[in-house]
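The values are calculated or read from the model by the stated rules, or taken from the named source; none is laboratory data. Not measured: the values here are computed from a predicted model. Here the Cβ positions follow ideal geometry from the backbone for every residue, glycine too, while neighbour counts run over all protein chains shown. Keep in mind that these areas ignore ligands, DNA and RNA; they rest on the heavy atoms of the full protein, side chains included. Shrake-Rupley method; radii C 1.70, N 1.55, O 1.52, S 1.80 Å.
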Amino acid sequence: MAVSTSTSTLPLLFLHRSTASPNPTALSFASSLRASPLRSRASAAPPAETLADDLPSDTPPVGEGSGIPMPSSIGEDGEELLFGATAGKETVSRARAQSHSSFSDSFNVSQERIVITNSSGEKLIGVLHEAGSKDIVVLCHGFRSSKESRTIMGLTDALTSEKISVFQFDFSGNGESEGTFQYGNYYKEVDDLHAVIQHFKEHKRDTRAIAGHSKGGDVVIIYASMYQDVSRVINISGRFDLKRGIADRLGSDYMERINQHGFIDVAQKTGQFMYRVTKESLMDRLRIDMQSACMSIGPNCRVLTVHGSDDDVVPSEDALEFHKYIGNHEVHIIEGADHRYSSHRLELANILAPKQKIRIKLRSYWVPLIEDSCKQIIEAAKTTNAKTMGPVPLPTKKRIYCVLNSPHVHKDSRFHFEIRTHQRLIDIMYPTAQTIDSLMQLQLPAGVDVEVKL
């Protein structure tokens, strides 16, 4: 059996629907089949500008337990923008994302509302999307955003379409969760995330990965530096230098003003109050050392940083700064993407949850041989509960050779010989380690050429 292979980078979220979750490092592939590192590319990003958030228009007013008072003024940094905020509310559809094609129509994704109490006694509200996997991925929203933001909802749809269970929740003081909104609050949100992970651990559910967008990206990085109970971290557009961006929102004299008054009230251009920045909350942000946090992440924790090259809130160079100080790290720059990935949500979804598929192409000169090989491959895949598509008959390739019958008297007489190459295509969806082991043990006839693409 002749076998040729080609590969693509294995996903960070290597979660599957079977009872046994495969480990990419445990697969019995040659070194040429292992994942290759993603290339790092970054281009200079323009300075921060006003960015409308993507929260629903029915967001509650500011107050206790409501950290997102004005959707139109929220930057999905998620950092608030002081200058140039637009007025009015933005209406957002709650329908499932259409950008990520899936097999979700073949299975049901149930939703369960869960209330978790943090260490301060505040109730955190979240939604568990049960898609079939016992392990879950926890999604963390950005500054003054919520679990209902379009970025978080798009990631939820992408992961659940791959049968990966997802839990999305509101940090304390945001969305539906209890508590009072504060400007910095990074370690408080890390504590909220720890309460969530402990809750599922008590219910025999492991957290395979934590993912955060914008400020949520910083939260998951800090969490990984403090705790060793998560093996995969996804930082989406997180900010490395937390001292940057403050003057753009609070003014260049923010330190003088906050030392004088003890607080700064942030308002829209219309003068409408949005939130208050206290000296304590500002210093909470300024005291955070992301470099030390990155260097404290253990070598067994795999970190992926995704950033848009046209991010006008957090420069894409921050992604490369994370790459300098995190040992087990990959960085992926999405060309042309902004901070919210408005026109690149499909590409973002495919990075986090690429379709798990093995494509097998078979060639043979004899039809019975190739048909028998297809049956063996499909039976081997189905024994491991993998979904198969095919075999699909591809066009038969013909090669015709013309040979002279005689070079003299019968030079106009010719023989025509033909070689026909029959082809079949099989896709194996959602393969596990057992699926690959089963395929590697097959003994196919020597007259069948097999090409495998991962």
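Key figures
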read-out: Residue match in region 422-429 (condition: in a loop (DSSP other than H, G, I, E, B) and either over 30 Å from GLY212 (Cα atoms) or touching a strand residue (DSSP E or B) at 6+ places or on another chain (Cβ under 9 Å) (or both)); value: no
read-out: Residue within region 342-349 that is within 21 Å of ARG424 (Cβ to Cβ) and not basic (Lys, Arg) present; value: no
read-out: Subset of region 110-133 that is open to solvent by less than 40 Å² (accessible area, probe 1.4 Å), more than 10 Å from SER177 (Cα to Cα) and assigned to a loop (DSSP other than H, G, I, E, B) - its residue that is modelled with the highest pLDDT; value: ASN118
read-out: Test: ARG232 is over 25 Å from PHE263 (Cα atoms), charged (D, E, K, R) and in contact with a strand residue (DSSP E or B) (Cβ under 6 Å, 6 or more places away or on another chain); value: yes
read-out: Residue that is within 28 Å of VAL137 (Cα to Cα) and either charged (D, E, K, R) or at pLDDT 90 or above (or both), where the choices are ASP310, ASP253, ASP248, ASP265; value: ASP310
read-out: Strands (runs of 3 or more DSSP E) contained in region 257-342 and holding at least 3 residues open to solvent by 30 Å² or more (accessible area, probe 1.4 Å) and not small (Gly, Ala, Ser); value: 273-278
read-out: Residues of region 192-224 that turn out to be within 17 Å of ILE297 (Cα to Cα) and either among the acidic types (Asp, Glu) or part of a helix (DSSP H, G or I) (or both), as a count; value: 11
read-out: Residue count for region 187-244, restricted to those that are open to solvent by 10 Å² or more (accessible area, probe 1.4 Å) and at positive phi; value: 1
read-out: Residues (closer than 24 Å to PRO395 by Cβ, open to solvent by less than 100 Å² (accessible area, probe 1.4 Å) and of a type outside the set (A, V, I, L, M, F, W, C)) located in region 407-454; value: GLU418, THR421, HIS422, GLN423, ARG424, ASP427, PRO445, GLY447, ASP449, GLU451, LYS453
read-out: Positions within region 343-353 being part of a loop (DSSP other than H, G, I, E, B) and open to solvent by 30 Å² or more (accessible area, probe 1.4 Å), in sequence order; value: SER343, HIS344
read-out: Test: residue in region 357-377 that is touching a helix residue (DSSP H, G or I) at 6+ places or on another chain (Cβ under 7 Å), surrounded by 22 or more Cβ atoms within 10 Å (Cβ to Cβ), touching a residue at least 60 places away in the same chain (Cβ under 8 Å) and farther than 24 Å from LEU454 by Cβ; value: no
read-out: Output for region 144-154, where each listed residue is under 21 Å from SER343 (Cα atoms) and open to solvent by less than 10 Å² (accessible area, probe 1.4 Å); value: SER145, SER146, LYS147, SER149, THR151, ILE152
read-out: Answer from PRO395, PRO354, PRO368 - the residue that is closer than 30 Å to LYS163 by Cα and out of contact with any Ser or Thr (no Cβ under 7 Å at 6 or more places or on another chain); value: PRO354
read-out: Only listed residue being part of a loop (DSSP other than H, G, I, E, B) and either over 17 Å from GLN356 (Cβ atoms) or in contact with a Pro (Cβ under 7 Å, 6 or more places away or on another chain) (or both), chosen from VAL403, VAL409; value: VAL409
read-out: Filtered residue count, region 134-165, keeping only those that are outside any loop (DSSP other than H, G, I, E, B) and either outside the structural domain of LYS188 (by the TED database) or of a type outside the set (Gly, Ala, Ser) (or both); value: 14
read-out: Residue check for VAL230: closer than 23 Å to THR156 by Cβ and modelled with pLDDT of 95 or more; value: no
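Matching residues to (1) of a type in the set (D, E, K, R); (2) in the same structural domain as ARG232 (by the TED database); (3) over 29 Å from HIS329 (Cα atoms); (4) in contact (Cβ under 8 Å) with a residue 24 or more places away in the chain:
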{"residue": "THR278", "(1), (2), (3), (4)": "no, no, yes, yes"}
{"residue": "VAL303", "(1), (2), (3), (4)": "no, yes, no, yes"}
{"residue": "HIS307", "(1), (2), (3), (4)": "no, yes, no, yes"}
{"residue": "ASP310", "(1), (2), (3), (4)": "yes, yes, no, yes"}
